[in-house]
Amino acid sequence: MGNGKINARKIAMIGCGFVGSASVYSLMQSGLFSEIVLIDANHDKAEGEALDISHGLPFAKPMNIYAGDYDDIVDAAIIIVSAGAAQKPGETRLDLVKKNVGIFKTIIPEIAKRNCQGILLIVANPVDVLTYAALKMSHFPANRVIGSGTVLDSARFKYLLGEHLEVDSRSIHAFIIGEHGDSEIATWSSANVSGIPIHKVCEMRGYIDHDYETDRIADEVKNSAYEIIDKKGATYYGIGMAVRRICEAIIRDEKSVLPVSSLMTGQYGLDGVCLSMPAIVGANGVDTLLPIPLSKEEEKALQESAATLKQVIDEAIDF
């Protein structure tokens, strides 16, 4: 099936839980698409979300938002997969793996057999392991399978730094890399405010206890999801906006640098694992990875993060 033609104005969302629905809501407001198809194992849920979001169309741009099935994804420019069991309070992202790999075994083959030519964007958690699973199950070229990775973590990092330094978070360049999860790495050595090293700006602002502050902020980024889940049960607005940002870079062929999760092919000696690294993202998905300069400690932490993910892949995935 599928004649290989892509409709650049069409996007598909598989999974209409909190994250899928918030992402569609954000995408609808972006004006980038004229067609959004929602797919869920519970078709009524997909229909309900499509209707609810469609009722805002008189305040937005004309588009067709509807519940569909896998036959509707063939010409989608981007196919997003947010389907999966949600992370429960007290559960780590890695506890979810086996459950969600099982769910992916019902979804990804459906995509694969339709000869879709679009980009596969994985948002379900644990995103790095599931991106790797999707890559292996779909047989798509590696550049076309990407995970939302640490795009949201990096935004949280910039937000907290912006609050701390009282500076616009958009002027801050700082990445979280590695696993989207407990072994993620805050790359302090390259963090800067418009080219000025972060520690210099901290001193300018009167902060001199760097070790305390860097540990506090990195921990706060890492624990953001747990804190939000604890307080309101789920996180979905932040990731919805991160998904929109990634889709924007793809659809507009922006060649934006985003820390998405993709297959490592030798960077820092890593391979056979998907994790986040700043990447140039455009119409072909991941164009090039940008291996940012890392300190010895950061590089060691990245190796450990990759080893953690590899172990999970070995334990949880049997194709």
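The values are calculated or read from the model by the stated rules, or taken from the named source; none is laboratory data. Since the structure is predicted, the reported quantities are computational estimates derived from the model, not experimental observations. FYI the Cβ positions are ideal-geometry reconstructions off the backbone, even for glycines, and counts take in every protein chain you see.
This table checks each residue for (1) among the polar types (S, T, N, Q); (2) surrounded by 16 or more Cβ atoms within 10 Å (Cβ to Cβ); (3) more than 18 Å from GLY240 (Cβ to Cβ).
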residue	(1), (2), (3)
ASN7	yes, no, yes
MET13	no, yes, no
GLY20	no, yes, no
SER34	yes, no, yes
ALA60	no, no, no
MET63	no, yes, no
ILE73	no, yes, yes
Task: The listed residue being in contact with a helix residue (DSSP H, G or I) (Cβ under 8 Å, 6 or more places away or on another chain) and over 24 Å from ALA85 (Cα atoms), out of LEU258, LEU290, LEU309, LEU263 - done: LEU258
Open item on the list: Looking only at residues that are assigned to a helix (DSSP H, G or I) and of a type in the set (Lys, Arg) in segment 161-213, which one is surrounded by the most Cβ atoms within 10 Å (Cβ to Cβ)?
Closed with: LYS200
Open item on the list: Looking for something of a type in the set (Val, Ile, Thr), out of contact with any Phe, Trp or Tyr (no Cβ under 6 Å at 6 or more places or on another chain), under 20 Å from ILE78 (Cα atoms) and part of a helix (DSSP H, G or I) - is there at least one such residue anywhere in segment 121-128?
Closed with: yes
Task: Residue match in segment 149-156 (condition: surrounded by 17 or more Cβ atoms within 10 Å (Cβ to Cβ), of a type in the set (Asp, Glu) and at pLDDT 95 or above) - done: yes
TODO: State whether the residues of segment 237-256 include one that is out of contact with any Lys or Arg (no Cβ under 9 Å at 6 or more places or on another chain), farther than 23 Å from GLY118 by Cβ and in contact (Cβ under 8 Å) with a residue 24 or more places away in the chain.
DONE: yes
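Here is a yes/no grid of residues against (1) closer than 29 Å to ILE146 by Cα; (2) touching a residue at least 24 places away in the same chain (Cβ under 8 Å); (3) outside the structural domain of LEU160 (by TED's automatic domain parsing):
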{"position": "GLY178", "(1), (2), (3)": "yes, yes, no"}
{"position": "SER183", "(1), (2), (3)": "yes, yes, no"}
{"position": "ALA186", "(1), (2), (3)": "yes, yes, no"}
{"position": "ILE196", "(1), (2), (3)": "no, no, no"}
{"position": "VAL201", "(1), (2), (3)": "no, yes, no"}
{"position": "ARG205", "(1), (2), (3)": "no, yes, no"}
{"position": "ILE208", "(1), (2), (3)": "no, no, no"}
Open item on the list: I'd like to know if segment 50-57 contains one or more residues that are of a type outside the set (Asp, Glu), surrounded by fewer than 16 Cβ atoms within 10 Å (Cβ to Cβ) and either farther than 28 Å from GLY233 by Cα or not assigned by TED's automatic domain parsing to the domain that holds ALA124 (or both).
Closed with: yes
Task: Close pairs from segment 89-114: first outside the structural domain of ILE229 (by TED's automatic domain parsing) and loosely packed, with under 15 Cβ neighbours inside 10 Å, partner part of a loop (DSSP other than H, G, I, E, B) and at pLDDT below 90, Cβ under 6 Å, at least 6 apart - done: LYS99/ALA85
